[in-house]
2 protein chains.
Amino acid sequence: MLKVKTPQEVWELIDREFQMISGKELTPLSDAVGRVLAEDICAGEFVPDFNRSTVDGYAVRARDTFGCSDSIPAVLTLCGQVSMGKGATGLVGEDMCAAVPTGGEVPDGADAMVMIEYTEDYGDGTIGIVKPVAPGANMVYRGDDVKPGQTIFCAGTRLMVQDIGALAAMGVAQVPVMVQPLAGIISTGDELVPIEDTPGPGQIRDVNSMLLRAEMMQAGARVKEYGIVRDQEDMLAETLQEALQECDMVLISGGSSVGAKDATCRVIQQQGENLLHGIAMKPGKPTILGKVEGKPVVGLPGHPVAAFFVTKLFAVPLLDRLAGTKRHTWPVTAILEENVGANHGRAQYMGVFLRKEKNKIYAKPVRSKSGLITSLAGAAGYFCIERDCEGLSAGTEISVELYG
Amino acid sequence: MLKVKTPQEVWELIDREFQMISGKELTPLSDAVGRVLAEDICAGEFVPDFNRSTVDGYAVRARDTFGCSDSIPAVLTLCGQVSMGKGATGLVGEDMCAAVPTGGEVPDGADAMVMIEYTEDYGDGTIGIVKPVAPGANMVYRGDDVKPGQTIFCAGTRLMVQDIGALAAMGVAQVPVMVQPLAGIISTGDELVPIEDTPGPGQIRDVNSMLLRAEMMQAGARVKEYGIVRDQEDMLAETLQEALQECDMVLISGGSSVGAKDATCRVIQQQGENLLHGIAMKPGKPTILGKVEGKPVVGLPGHPVAAFFVTKLFAVPLLDRLAGTKRHTWPVTAILEENVGANHGRAQYMGVFLRKEKNKIYAKPVRSKSGLITSLAGAAGYFCIERDCEGLSAGTEISVELYG
């Protein structure tokens, strides 16, 4: 039998046994979404580099507007007009104002903007202000967004779409990022044929190469596929050696159990060491984590659904470890629609379909026999029934981790 | 003043005014994640195409094992051995069994698998079974996963990683998908310089081109940038014409308000019609939706944060409409950490930082002045304070839509 570890023990093992790999490169900002920062990003300039109006209107000294109203406007002398994209010239002195468009520079002397809606142009070189403003109103100050020396992003941050704007504003056109780890993918099994082929008697298509490739690429890896290897120890050993020379980590699906034909465990042992064989989870129990030449080798179950879960739960954290980042996920709270049983002494991962009704989210567990690949299709995510829990009843609030 | 519509009215307008555009193409399965199916995917074969064992063990007729136990094993005659990837030959008759590896074919006659752990090989051509099995145990039947004629995915489905396995199992190596709509992006403003440049007095970098590009690409669009256009109606008109000839939709950021230099509204009116000018939301009120030559043109505010929200809330649904799909999002339930006020009569969208503590998720609202681009950086998502709500107190459960 396998001597199993809990998922938590496996995550700790990953952190203990593997380190960040060191490669850095520059990538254009337009390709930076999903990449991991290799360095802190510190500002070198003020953003914006000038006091900036956020409205169309008049730059004023706020105190000159105090007490004004519709019936008693503050009458200010128009001393200038600021053009977009040009610096402001001149000074807004006492009882003066300057016309400034949205985004234009607020001239020196002024400390607030009055929106054009609260003004009247008397046409004689003076402007009536009918609503007082507080200092700082309707403008941002130089450096309000970013000041020189300020750290905006830390090394190890995975850049998201919402981070791109700040980098663009700071002029970071080339972004220092970690080289994406290269994950090698090997499928083993005498029964496998490429997905383009029609399976003969007793054969099935190699689902895992394609599925794990998609999963690892979405997680931020580069991927190299090594195709289908027959259930022969020497052939697997050779392919693993080749993959280890080129890749930063290797996933082998199939042959991860303890049967006579399950070669993964033995091949890893010949070339390095097995750190674990078996995880107390369902699906996915017959999982191997090995270390060969300092690189992680994951032996995944051949069942695609199990391989999918093990990859998500352990190969992706391994990838993050190599890339020097941690992933935060934000589970969705949903109401379980059916009772589910579990008394396996192992953490049970179960896919769910989600639906919204009246601002609540409902989760219908995916029921299927082990290994049916269609049980993943259309599901939105999964939840975990902890190993010491015997089941959950309909109506229970669960935390659903989204797949994508 | 703008005559504003509510967000809900805008979404209905989008559905009413625009239709799916028709292009289809084939894409390799390896590139299919994120693409929208152009046709239903129906199965043409059985998956698996044979009764398949899910364990290492012996194929039996379940009824021959009834009543057996450790002390009184059922003794069955071994009539064959199935190899992986080869069809099973022969028939499992009464009181007979055949050795079958995990994933191997269960021979005709047998209707269950006994795990090897519950058997004993007596070495004389007979096998002892010490635990009874029910019919169908430890195996999947031919077509359990997929049967010919079964619709597995409907046209309009956006393919996710978890869908790839089912397509691989069915041999869909080339996937019929919608051509990704091409979104043209135009930035307008005399104050803008390319992000590579150092802004001069009164200038800022063109954040929106890069930010909207990233946002639209993540949402599944192809993107073409038309660069920075100065605040001149004729130049904007010309660039919009060019973009409309090449693209399926156009986003123009900047100049969407009602000032003298705000050309977007007038240019759309010259070439087509404005469907709306102004949305009752914050940020993002001065938004335009136009229709020129049947194609949507979105006039976005110049403030990057406002442009980001308007793109997420309206340009992405427009994209989905053109691509013939609907997007489902699953908001995260979080506990608001601070009071937030709002009494604008408009839906107020606010970014949040999230953190987990003891299985609960807490949301800290992003406080910043209008238009500060760093207020997006590092935030995980946003929530909406409805237009008729005056604010929310700390401790309230909110629904957070994730950015990525």
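Laboratory data are not the source of any read-out in this text; all were calculated from the coordinates shown. Small disclaimer: the values here were computed from a predicted structure and weren't measured. Every residue, glycine as well, gets a Cβ built from its backbone with ideal geometry; the counts of neighbours run over all protein chains shown.
If you count, for each residue, the other Cβ atoms within 10 Å and average over each peptide, how do A:265-274, A:159-168, A:42-51, B:383-392 line up from highest to lowest?
A:159-168, A:42-51, A:265-274, B:383-392
Please state the Cα pair-distance histogram of the range A:317-404 with 5 angstrom bins from zero: what percent is in each bin?
3, 13, 21, 22, 19, 12, 7, 3, 0
Can you give the FRET efficiency for residue B:258 and residue A:174, using 1/(1 + (r/R0)^6), R0 = 35 Å, r = Cβ-Cβ distance, to the nearest 0.05?
0.35
Can you compute the charge dipole magnitude of the range B:93-246 about its Cα centre, using +1 on each Lys and Arg Cβ and -1 on each Asp and Glu Cβ, nothing else charged? Give it in debye, rounded to the nearest 20.
For the range B:93-246, the charge dipole is close to 200 debye.
Just to be sure I understand the model, the point goes 7 Å from the Cα along the line to the Cβ. What's the resulting residue A:197 to residue B:359 distance in nm?
Placing both labels 7 Å beyond Cα along the Cβ direction yields 4.8 nm.
For A:89, A:54, what's the fewest-to-most ordering of other Cβ within 10 Å of each Cβ?
Numbers: A:89 12, A:54 19.
Result, fewest neighbours first: A:89, A:54.
Among B:171, A:77, B:27, which residue has its Cα furthest toward the positive end of the charge dipole of the protein assembly as shown, with +1 on Lys/Arg Cβ and -1 on Asp/Glu Cβ?
A:77
Could you state the principal axis extents of the C-alpha atoms in the protein assembly as shown, from the largest down, to the nearest angstrom?
116, 50, 45
Just to be sure I follow: if Rg is taken over the C-alpha atoms of chain B and Rh is the Kirkwood radius over the same atoms, what is Rg/Rh?
Radius of gyration relative to Kirkwood radius: 1.20.
Using Cβ contacts closer than 10 Å as the measure, can you line up B:144, A:206, B:64, A:124 from fewest to most?
Details: B:144 19, A:206 27, B:64 23, A:124 9.
In increasing order of surrounding Cβ atoms, one gets A:124, B:144, B:64, A:206.
Of the peptides A:18-27, B:302-311, A:106-115, how do they stack up when ordered by the mean number of other Cβ atoms within 10 Å, highest first?
Packing order, densest peptide first, comes out as B:302-311, A:106-115, A:18-27.
For the protein assembly as shown, what is the charge dipole size about the Cα centre, in debye to the nearest 20, if Lys and Arg each add +1 at the Cβ and Asp and Glu each add -1 at the Cβ? Intermediate results must be reported in sequence, preceding the final value.
Numbers: 74 positive and 102 negative charges, 239 e Å.
Dipole of the protein assembly as shown, to the nearest 20 debye: 1140 debye.
For chain B, what does the helix formula give at 222 nm: sum of -39500 (n - 2.57) over DSSP H segments with n ≥ 4, over the residue count, nearest 500 deg cm²/dmol?
The helix-only estimate for chain B comes to -5000 deg cm²/dmol at 222 nm.
For the range A:87-138, what relative contact order do you get, as a whole percent, if you take Cα pairs closer than 8 Å and at least 6 residues apart?
After rounding, I find 32 percent.
Note down the nm distance, to one decimal, between modelled labels 7 Å out along Cα→Cβ at residue A:31 and at residue B:344.
Label-label distance for residue A:31 and residue B:344, simple model: 3.8 nm.
Where the only charges are on Cβ atoms (+1 Lys, Arg; -1 Asp, Glu), what is the dipole of the range A:332-402 about its Cα centre, to the nearest 20 debye?
280 debye
Based on the alpha carbon coordinates of the range B:1-69, what radius of gyration and maximum Cα-Cα distance (Dmax) apply, in Å?
In Å, with Rg to one decimal and Dmax whole: 26.8, 85.
For chain A, return all DSSP H helices satisfying: extent of Cα atoms along own axis at least 24 Å; mean Kyte-Doolittle hydropathy at least 0.5.
Membrane-span-like by this rule: not one helix.
If the chain between residue B:86 and residue B:8 were fully stretched, how many nm would it gain, using 0.36 nm times the residue separation less the Cα-Cα distance? Intermediate values should be presented prior to the final figure.
Working: separation 78, 0.36 × 78 = 28.08 nm, distance 5.84 nm.
Between residue B:86 and residue B:8, full extension yields 22.2 nm more.
Between the range B:383-400 and the range B:72-99, what is the C-alpha centre distance in whole Å?
Here the two parts' Cα centres lie 65 Å apart.
With each label point set 7 Å from Cα along the Cα-Cβ vector, what nm distance links residue A:94 and residue A:273?
Once both label points are built, they end up 8.2 nm from each other.
Given a cut-off of under 8 Å on Cα pairs at least six residues apart, what relative contact order in percent is computed for chain A?
16 percent
Classify the range A:90-230 as rounded, prolate or oblate, taking a ≥ b ≥ c as the square roots of the eigenvalues of its Cα gyration tensor: rounded when a/c is under 1.5, otherwise prolate if a/b is larger than b/c and oblate if not.
prolate
Given B:228, B:93, B:339, which one lies farthest toward the positive end of the charge dipole of chain B, if we put +1 on the Cβ of every Lys and Arg and -1 on the Cβ of every Asp and Glu?
My answer, from the dipole projection, is B:339.
What's the exposure ranking of A:145, A:56, going from fewest to most Cβ atoms within 10 Å?
A:56, A:145
Sequence gap at least 6, Cα distance under 8 Å: using those rules, report the relative contact order of the range A:332-402 to the nearest whole percent.
Averaging sequence separation for qualifying contacts and normalising by length gives 49 percent for the range A:332-402.
Order these peptides, A:186-192, B:69-75, B:214-220, A:66-72, by their mean beta-carbon neighbour count within 10 angstrom, highest first.
Order by mean packing, descending: A:186-192, B:214-220, B:69-75, A:66-72.
Which one of B:38, B:208, A:123 is farthest out on the positive end of the charge dipole of the protein assembly as shown, using unit charges on Cβ (Lys, Arg +1; Asp, Glu -1) and the Cα centre as origin?
With unit charges placed on the Cβ atoms, the residue in question is A:123.
With the radius of gyration and the Kirkwood radius both derived from the Cα set of the range B:296-337, what is their ratio Rg to Rh?
Taking Rh as the inverse mean 1/r over Cα pairs, Rg/Rh reads 1.09.
Once the Cα gyration tensor of the range B:52-140 is found, what semi-axes does its equivalent ellipsoid get, as square roots of 5 times the eigenvalues, in whole Å, sorted largest first?
Taking √(5λ) for each eigenvalue gives 18, 13, 11 Å, largest first.
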